[in-house]
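Peer 1: Below is one structure. I have some questions about it.
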Amino acid sequence: MNPISDELFGEVTPAVRRRGQQRAHAVLAAVLDRANDADLPPVTWTLTTRGSAVADVDTDGLSREEIRARFADWKRFLDLAELPFPGEALTMRAVGVVPGQAGDALLVALTAWLDDAEHDGAAGFDPAVEEC
């Protein structure tokens, strides 16, 4: 086994990672309580083994404008900084640190995939089974 190490703080053990995930879970629970009070639409959350979180905006059946609006609502709610992409990107991303109630913080990455949305009236079109 090749343990991950950090020259400044020493070895990052499984126990350290579990504690990081537990702290991240506590911060996420507080975020979800506030999001519920703010009536935000659900997003899909993933906690990493390093104690950070990724939130994916659910896109099923939504137009690009609706996806952009949901992304903007969550970005504003979490006070994240959007990562700019040159040109017309099909992925929206924002990152930031969300403070917890006990002094903990959670590194969050928010993503939205515009290529999953309806495409200019071509929703439901499957090039694998239909002619272009």
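Peer 1: Name the residue, out of ARG50, ARG93, that is within 10 Å of the chain's Cα centre (by Cα), under 30 Å from VAL12 (Cα atoms) and charged (D, E, K, R). It would help to see each step written out before you state the result.
Peer 2: Working: ARG50 fails: within 10 Å of the chain's Cα centre (by Cα).
ARG93 is the lone residue from the list that is within 10 Å of the chain's Cα centre (by Cα), under 30 Å from VAL12 (Cα atoms) and charged (D, E, K, R).
Peer 1: Do you know which residues across region 29-72 are within 16 Å of LEU110 (Cα to Cα) and in a loop (DSSP other than H, G, I, E, B)?
Peer 2: Across region 29-72, the qualifying residues are LEU40, PRO41, PRO42, THR48, GLY51, SER52, ASP58, THR59.
Peer 1: Further question on the same structure: What pairs can you find where one residue is in region 40-61 and under 16 Å from MET92 (Cβ atoms) and touching a residue at least 12 places away in the same chain (Cβ under 8 Å), the other is assigned to a loop (DSSP other than H, G, I, E, B) and among the hydroxyl-bearing types (Ser, Thr, Tyr), and their Cβ atoms are less than 6 Å apart, with a gap of 6+ or different chains?
Peer 2: Hits for this filter: zero, empty list.
Peer 1: Go through ALA81, ALA29, ALA38 for me and flag whichever is under 30 Å from VAL16 (Cβ atoms) and modelled with pLDDT of 95 or more. I'd like the intermediate steps shown before the answer.
Peer 2: Numbers: ALA29 fails: modelled with pLDDT of 95 or more; ALA38 fails: under 30 Å from VAL16 (Cβ atoms).
Testing whether each residue is under 30 Å from VAL16 (Cβ atoms) and modelled with pLDDT of 95 or more leaves just ALA81.
The values are calculated or read from the model by the stated rules, or taken from the named source; none is laboratory data. Bear in mind that the values here come from a model prediction, so they are computed numbers and not experimental data. Note that we place each Cβ from the backbone using ideal geometry, even for glycine, and neighbour counts take in every protein chain shown.
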